[in-house]
Each structure stands twice: as structure tokens, then as C-alpha cells.
Amino acid sequence: MEVEAAKCECCGFTEECTPQYIAAVREEYLGRWICGLCAEAVGDEIRRAGAGEITTAEALDRHVAFARAAPRAPARAAEDDLVAAVARLLRRCLDSPPASPAAPPQGRKVAAGSGCPSGGEDD
Ligand SMILES: [Zn+2]
């Protein structure tokens, strides 16, 4: 299936969607593309203001302003960084055979090559 990367204008989250879906979202949100989470939030703005009291455009603007004012984009970004760093560290040192033969193999994506380097981080 054909997909394209669409970037949310509110939070910057990138999602892979079919061109049809992207077009449908753009149509609903005045040419902007927003992710499912932000679409929910915009829906909330509308519900909170009361149906008919606020246009989609206004709700969208409110949400964008809110998202931009937020101290930093999703906290999970920092968390992902940490997890990635730890995973990278573990992967480097897991090249040695497991101590217990009964241990199930973990993470098969060990990069070919260098074993456990004595130092130096070069990526
Ligand atoms: Zn978003």
C-alpha cells in the first residue's frame, strides 16, 4: 500500500498515511495536517466551547497556540532518547555468548562486527 509521511503541524509528530487519508485530514482542517492526537484535542476544544460556538479553524488555532506554548514537545522524545542510548549500550556488550544456555535470545538485531569495543563512540 502506498503511504506518505505526514507531519503534524501542532506537535510535529510524523505519521505514515495513505495519500487519501492525508487529503481527507487536510480538507477537514483547512489545508493543515494534524495527527490523531491533535485531532482529538481540537475536537475537545470544540466540545468545550459548545457546538456551533467555535469553528474548526478557531479550535485548531487554539490548539496550535497551546501546543506551541507548551515547554517542550512530547516528553516521550526524551524518554526515547534514553531508551535508545541504553539499548545501544546493551547491544554493544551483548555480543558475548549468554552465561546461561537456557536464556532466550534477546533482540536479534545485533549489528555484525566489532564485538564489545573498549571505548569510543562513533555514530
Ligand atoms: Zn499532533
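Ligands, DNA and RNA aside, ARG62 has an accessible area near 130 Å² when probed at 1.4 Å. Extension gain for PHE66-ALA84 works out to 3.6 nm (0.36 nm per residue, less the C-alpha to C-alpha distance). Two numbers describe the Cα atoms of segment 4-69: Rg and Dmax, which are 11.6, 34 Å.
The values are calculated or read from the model by the stated rules, or taken from the named source; none is laboratory data. Nothing here was measured: the structure is a model prediction, and the numbers come from that model. Ligands, DNA and RNA are excluded from the accessible area calculation, which covers all protein heavy atoms including side chains. Shrake-Rupley method; radii C 1.70, N 1.55, O 1.52, S 1.80 Å.
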